[in-house]
Amino acid sequence: MPMPISPKPDHAEQLLPKWTYYEDAWFEREHKELFSRAWTFACVVQDIPQPGDYRAVQVNRHGIMVVRGKDGEIRAFHNTCRHRGTQIFEEGKSGNCRHGIVCPYHAWTYNPNDGSLRGLPKKDLAFPDMTLEDWPLHKASVGVLGDLIFVNPQAVPEDDFETWLGSMRDTHMWPHKLDGLSEKRPVRYDFAANWKGFCENAMDGYHLSYLHDKTLMGPDIECQRWDAVGRHWVVFSEAEERPSANPYTRIPGVDTSKPYPVVYQFFPNSGVLSSPIFFSAYTIVPVAPEQCYLELRTWMMPREQQPQAERTKPSSTSGHGHIMPDGKRYISIDTLSCHAMESLDFQIEDMWVCEQQQKALHSPMMQTGPLARLGETPLTWFQQHILDYVPLDGPEMRVAAELHDGHEPLRSAIPTRTAVAAS
């Protein structure tokens, strides 16, 4: 049954206690009660253009393979062999499995069209009584929006993809088409912060003119408009009275003569940036209560179609982090070549401020004050959706609240459900 959707709030307030941003037990509940049921951006249709093409991705704690079948349909399976549980395809890798999905450990082979177990070596000797039909790959679910592929770890999601999208496809779609655009080097930003802190930062319109005064330079809150679409959030840019002075070549089809959507936050942890000069899709991956990373992919007009002066200009991430064998640039605060606020990269500025806020959460004096009616109301809405999935109830949550009020550490203090039931 679809989860009821909380209405758009008319005021801003902090709903989540601060310990939900660093407590182990709450983090485990988020994985069990939210992420195991959530739709998340995985890859794009251009990653798997031909029958048999696959892309292996990490979706929160789930390894998933996205496969285009011989019939052209896109499907998803959990990337774990039914024999010994081995990861079949390496995370982040693409390839073609039209002749079969083959586990590298013992060569169990699955059908790429439906995930059924097709064969295994020495079956008559090793598994004489096995019925192959009983051991297919575990299925996940797939949804496609524009060129983006989303996956849900459930074979039959509680919210099907269209229900989860709400009216997004009909009312708020971006005009960008990735065919004809060129993908830039993917970037991974590693944060020493809770995943919710980054999501809330992305939805916070109040900080844009201040934290990002050297990079984004606004827009100011009185110029911002945001819409609630299902559980998702879309922010609009002002119409341009004249074309921007930005020197990069514009992407065809983006009409800036009227307010247009520029940021999408897909609940709970995916997003899109839809600029006239670039298109980005990202996922915030929760690793631990105080650790997450942002996977960012960006497309622009091809280099040969950019002005000559821009073709050799380094990107804002150049000089920061390390390029690893997988081709991604990995960036964290300790790999910067300058202070974060001198990086001229707004994502690095956000990473820095999220870490600063995370550190402050452990101070007994830290508590959230009033939130801005303009600019911070989306945070309230986001937190309410989290509470819809992971409610602040049950005896262990009451224990946590009491300990929090006393400024005591929580990590090992919250009893498990089993312990509470036994007491």
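The values are calculated or read from the model by the stated rules, or taken from the named source; none is laboratory data. Predicted, not measured: the structure shown is a model, and the values here were computed from it. Methodologically, a virtual Cβ is constructed for each residue, glycine included, from the backbone with ideal geometry; neighbour enumeration extends over all protein chains shown.
Scan the range 117-134 for residues that are surrounded by 13 or more Cβ atoms within 10 Å (Cβ to Cβ) and within 24 Å of G72 (Cα to Cα) and the total you get is 3.
Can you name every residue in the range 166-181 that is surrounded by 13 or more Cβ atoms within 10 Å (Cβ to Cβ) and touching a helix residue (DSSP H, G or I) at 6+ places or on another chain (Cβ under 8 Å)? If the condition is that a residue be surrounded by 13 or more Cβ atoms within 10 Å (Cβ to Cβ) and touching a helix residue (DSSP H, G or I) at 6+ places or on another chain (Cβ under 8 Å), then R169, L178 are the ones that fit. Going by the conditions given, is G72 part of a loop (DSSP other than H, G, I, E, B) and either at pLDDT 95 or above or outside the structural domain of V287 (by TED's automatic domain parsing) (or both)? Judged against the criteria, G72 is a match.
For the range 85-96, the criterion of being over 22 Å from V44 (Cα atoms), modelled with pLDDT of 95 or more and out of contact with any His (no Cβ under 9 Å at 6 or more places or on another chain) is met by at least one residue. Being in contact with a Lys or Arg (Cβ under 9 Å, 6 or more places away or on another chain) and either in a loop (DSSP other than H, G, I, E, B) or under 20 Å from R61 (Cα atoms) (or both) narrows it down to one residue among P121, P104, P128, P112; which is it? That would be P112, the only listed residue that is in contact with a Lys or Arg (Cβ under 9 Å, 6 or more places away or on another chain) and either in a loop (DSSP other than H, G, I, E, B) or under 20 Å from R61 (Cα atoms) (or both). Applying the set (1) of a type outside the set (S, T, N, Q); (2) surrounded by fewer than 17 Cβ atoms within 10 Å (Cβ to Cβ); (3) modelled with pLDDT of 95 or more to L296 leaves exactly one unmet item: (2).
Determine, yes or no, whether L216 is touching a residue at least 24 places away in the same chain (Cβ under 8 Å), of a type in the set (A, V, I, L, M) and surrounded by fewer than 16 Cβ atoms within 10 Å (Cβ to Cβ). The answer is yes for L216.
Contact list please: Cβ distance under 7 Å, first residue in the range 251-270 and closer than 26 Å to R61 by Cα, second residue modelled with pLDDT of 95 or more and among the polar types (S, T, N, Q), pairs at least six apart or on different chains. Going by the 7 Å Cβ cut-off, the qualifying pairs are N269/T40; N269/T283; S270/T40; S270/T283. Highlighted here are the helices (runs of 4 or more DSSP H) found entirely within the range 339-423 that include at least 1 residues which are in contact with an Asp or Glu (Cβ under 8 Å, 6 or more places away or on another chain), modelled with pLDDT under 60 and not small (G, A, S): 417-422. All conditions but one from (1) farther than 28 Å from T377 by Cα; (2) in contact with a Gly (Cβ under 9 Å, 6 or more places away or on another chain); (3) surrounded by 16 or more Cβ atoms within 10 Å (Cβ to Cβ); (4) charged (D, E, K, R) apply to R185; the one that does not is (3).
Which one of these is in a strand (DSSP E or B), of a type outside the set (S, T, Y) and at pLDDT 85 or above: P252, P276, P286? None of the others qualify; the one that does is P286. Does the range 222-233 contain at least one residue that is loosely packed, with under 13 Cβ neighbours inside 10 Å and either at pLDDT 70 or above or under 26 Å from H385 (Cβ atoms) (or both)? Yes, because at least one residue in the range 222-233 is loosely packed, with under 13 Cβ neighbours inside 10 Å and either at pLDDT 70 or above or under 26 Å from H385 (Cβ atoms) (or both). Taken over the range 66-93, the criterion of being among the hydroxyl-bearing types (S, T, Y) and surrounded by 15 or more Cβ atoms within 10 Å (Cβ to Cβ) is satisfied by T80 alone. Just checking, does the range 103-112 include any residue being in contact with a Pro (Cβ under 8 Å, 6 or more places away or on another chain), over 21 Å from E183 (Cα atoms) and surrounded by fewer than 16 Cβ atoms within 10 Å (Cβ to Cβ)? Yes, the range 103-112 has at least one match.
A quick yes/no check of all residues on (1) assigned to a loop (DSSP other than H, G, I, E, B); (2) under 24 Å from A372 (Cβ atoms):
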{"site": "A12", "(1), (2)": "yes, yes"}
{"site": "L16", "(1), (2)": "yes, yes"}
{"site": "W19", "(1), (2)": "no, yes"}
{"site": "W26", "(1), (2)": "no, no"}
{"site": "H31", "(1), (2)": "no, no"}
{"site": "S36", "(1), (2)": "no, no"}
{"site": "C43", "(1), (2)": "no, no"}
{"site": "Q46", "(1), (2)": "no, no"}
{"site": "P51", "(1), (2)": "yes, no"}
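Only one entry in D129, D147 is in contact (Cβ under 8 Å) with a residue 60 or more places away in the chain and assigned by TED's automatic domain parsing to the domain that holds V59, namely D147. Only residues that are at pLDDT 95 or above, over 20 Å from Q383 (Cβ atoms), surrounded by fewer than 19 Cβ atoms within 10 Å (Cβ to Cβ) and more than 20 Å from the chain's Cα centre (by Cα) were counted across the range 1-59, and they come to 4.
Scoring V45 on the criteria (1) among the aliphatic types (A, V, I, L, M); (2) in contact with a helix residue (DSSP H, G or I) (Cβ under 8 Å, 6 or more places away or on another chain); (3) over 26 Å from K359 (Cβ atoms) leaves a single failure, condition (2).
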